[in-house]
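The block underneath contains the structure these notes are about, expressed in structure tokens.
The values are calculated or read from the model by the stated rules, or taken from the named source; none is laboratory data. None of these values were measured; they are calculated from a predicted model. When we count neighbours, we look across all protein chains shown, and the Cβ atoms used for this are built from the backbone with ideal geometry, even at glycine. The area values use the complete protein model at the heavy-atom level, side chains included, leaving out ligands, DNA and RNA. Shrake-Rupley method; radii C 1.70, N 1.55, O 1.52, S 1.80 Å.
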Amino acid sequence: QSQLSQALNGLSDRAKEAKEFLVQLRNMVQQIQENSVEFEACLVAQCDALIDALNRRKAQLLSRVNKEHEHKLKVVRDQISHCTVKLRQTTGLMEYCLEVIKENDPSGFLQISDALIRRVHLTEDQWGKGTLTPRMTTDFDLNLDNAPLLQSIHQLDFVQMKVSSPVPAPPILQLEECCTHNNSATLSWKQPPLSTVQVEGYILELDDGNGGQFREVYVGKETMCTVDGLHFNSTYSARVKAFNKSGVSPYSKTLVLQTSEGMGQPGSSPVPDTQSEEQTLPFPVPLERSQLRRMSPFSSTLNLQPSFSGRSYFELRSSAHQLSLHSSLQSLNSAGCNFDTQGSPYSQLGKFDIKKMVAVAWFSFDPASAHADIIFSNDNLTVTCNSYDDRVVLGKTGFSKGLHYWELSIDRYDNHPDPAFGVARIDVLKDAMLGKDDKAWAITEGGITKGATVGVLLDLTRRTLTFSINEDQQGPVAFENLEGLFFPAVSLNRNVQVRAQSG
């Protein structure tokens, strides 16, 4: 009995170890599934980055082809113009000489014949060798060498990871570098000072502003990211994690940020969460940090911008507030602003005043996204153009939710062509009149004169766009079913100067 009891004790220990081992294996199954999702996300992000890089390179190559095309056309057209002038002169000389030959007066003929003969020989010499040879070939002497890239794509494969290499430590959010401006948020992070583990990149996540699920908004090597297109007067939670070939680190502490909600707040600092593990920010944030701007927005959950490191843009949608505009908005003192009001639903634009101001976002025109021909002045509140063709300029702030109204004054107008006013996506065509593509909605004519004031009312609750000129509504609702991220937009040429009203 004693021997059997001892043997059972040993077997019981083994059974206990087996149960613990089974628990470990089941946890590994769950971990493998989670790691698979993370790994697939990283793979998709890396492949998307390659596709983006190829698309940018394609655009650069197409630009070179277009330049070569314009150069060839210019040379040929110049030769056509030059040859046409010389042919016209030669034909005129020939017709004149034929008339002189018909002259019956010998003495009169002899007086001009020598000069005409010299002129004919001189004109003939001008049609010398090479004059009637094209100066430009029709072939494009460009041959795309894509063989190395195709070979690299075929060789694209996984590198065997070293299991012994540790995963990175959780990143640390740099509170002094984090800030919000209007509906944009800038976040900055770093690795722990004593960490020696190599990091290949970072994944930044934000929730939807309503305490919902986190979404990836940036994947890359940079340690700073600006997110545009957030909702005004909303609270967002942000967190970041690092990754390398061995895996993904735990998340950093969660940072809570508040987007702008009132006048006189061009920049604000993130705010702490009430939970103990959340980050707190007891310091003010310098206003100059708000100068970081977007390059381009997108509507999906993830986009990489390798050409402008550390920038990621996305749009988060949630249930719209029930907002309404009382029948007036006249007392705005901003250069351009958005606001939420509480009152009876509006029926028309007219003489406006604000019943209750809830939130204001200041904006001016944006040199970063404008066409190169746009000329800025008056702290970017006034714009004109140095081209006779239409060029587009956008406001700095994009709107995706709520009720927004702004006014623009026509400081100079020479009657052609008409300027256009409205809203646009960030990737709207910048070298054509506003509204020529499917990324802009605009008014282009009707009562626009020098000194006129154009009002734009964007209601993203009702998803409508309405215009006014000198406070008189221009017809019924101009556009309906608008949804997404919109920027104030203007197109104009050198005959027009527009100013965002500042009171």
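Here are some notes:
- Qualifying residue in the stretch 33-55 (condition: closer than 30 Å to residue 134 by Cβ and in a helix (DSSP H, G or I)): no
- Strands (runs of 3 or more DSSP E) enclosed by the stretch 379-418 - at least 3 residues per element that are under 17 Å from residue 501 (Cβ atoms) and of a type in the set (Ser, Thr, Tyr): 403-413
- Of residues in the stretch 218-235 being in a loop (DSSP other than H, G, I, E, B) and of a type in the set (A, V, I, L, M, F, W, C), the one least open to solvent (accessible area, probe 1.4 Å): 230
- Look at the stretch 168-186: where a residue is farther than 16 Å from residue 362 by Cβ and a partner is part of a helix (DSSP H, G or I) and of a type outside the set (Phe, Trp, Tyr), sitting 6+ places away or on another chain with Cβ atoms under 8 Å, you get 177/289; 186/177; 186/289; 186/290.
Results for (1) farther than 21 Å from residue 474 by Cβ; (2) touching a strand residue (DSSP E or B) at 6+ places or on another chain (Cβ under 6 Å); (3) of a type outside the set (A, V, I, L, M, F, W, C), shown as yes or no for each residue.
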| residue | (1), (2), (3) |
| --- | --- |
| 393 | yes, yes, no |
| 404 | no, yes, yes |
| 423 | no, yes, no |
| 435 | no, yes, yes |
| 456 | no, yes, no |
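- For the stretch 138-148, a residue qualifies if it is without any contact (Cβ under 8 Å) to a residue 40 or more places away in the chain and either farther than 19 Å from residue 75 by Cα or touching a helix residue (DSSP H, G or I) at 6+ places or on another chain (Cβ under 8 Å) (or both), and the qualifying residues are 143, 145, 146, 147, 148.
- Residues of the stretch 101-128 satisfying the condition of being of a type in the set (Val, Ile, Thr) and touching a helix residue (DSSP H, G or I) at 6+ places or on another chain (Cβ under 6 Å): 123
- When the stretch 367-407 is filtered for residues that are of a type in the set (D, E, K, R) and more than 26 Å from residue 260 (Cα to Cα), the ones remaining, listed by number, are 373, 389, 390, 391.
- Total residues in the stretch 471-484, condition in a loop (DSSP other than H, G, I, E, B) and open to solvent by 50 Å² or more (accessible area, probe 1.4 Å): 5
- Of all residues making up the stretch 439-474, the number that are of a type in the set (D, E, K, R) and under 19 Å from residue 391 (Cβ atoms): 2
- Which numbered condition residue 296 fails, given (1) modelled with pLDDT under 50; (2) touching a strand residue (DSSP E or B) at 6+ places or on another chain (Cβ under 6 Å); (3) polar (S, T, N, Q); (4) over 30 Å from residue 31 (Cα atoms): (2)
- Failed item, numbered, when residue 269 is tested on (1) of a type in the set (Gly, Ala, Ser); (2) under 14 Å from residue 187 (Cβ atoms); (3) modelled with pLDDT of 90 or more: (3)
Okay, residues lined up against (1) open to solvent by 50 Å² or more (accessible area, probe 1.4 Å); (2) among the aliphatic types (A, V, I, L, M); (3) farther than 27 Å from residue 200 by Cα:
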residue	(1), (2), (3)
130	no, no, yes
144	yes, yes, yes
149	yes, yes, no
154	yes, no, no
167	yes, yes, no
182	no, no, yes
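- Candidate set from the stretch 445-470 (those that are at pLDDT below 85 and open to solvent by less than 40 Å² (accessible area, probe 1.4 Å)); member that is nearest to residue 416 (Cα to Cα): 448
- For the stretch 199-217, the criterion of being closer than 15 Å to residue 253 by Cα, part of a strand (DSSP E or B), of a type in the set (Lys, Arg) and open to solvent by 50 Å² or more (accessible area, probe 1.4 Å) is satisfied by no residue at all.
- Residue 159 passes every criterion in (1) open to solvent by 10 Å² or more (accessible area, probe 1.4 Å); (2) within 26 Å of the chain's Cα centre (by Cα); (3) at pLDDT below 85 apart from (2).
- Residue in the stretch 395-417 that is open to solvent by 40 Å² or more (accessible area, probe 1.4 Å), polar (S, T, N, Q) and closer than 20 Å to residue 366 by Cβ present: no
- Count of the stretch 41-61 residues which are open to solvent by 90 Å² or more (accessible area, probe 1.4 Å) and under 15 Å from residue 202 (Cα atoms): 1
- Single unsatisfied condition, residue 136 versus (1) under 42 Å from the mean Cα position of the chain (by Cα); (2) surrounded by 12 or more Cβ atoms within 10 Å (Cβ to Cβ); (3) over 30 Å from residue 60 (Cβ atoms); (4) modelled with pLDDT under 90: (3)
- Output for the stretch 81-107, where each listed residue is open to solvent by 100 Å² or more (accessible area, probe 1.4 Å), under 60 Å from the mean Cα position of the chain (by Cα) and not charged (D, E, K, R): 89
- Filtering the stretch 422-433 to residues that are over 17 Å from residue 485 (Cα atoms) and either among the small types (Gly, Ala, Ser) or buried (at least 21 other Cβ atoms within 10 Å of the Cβ) (or both) leaves 432, 433.
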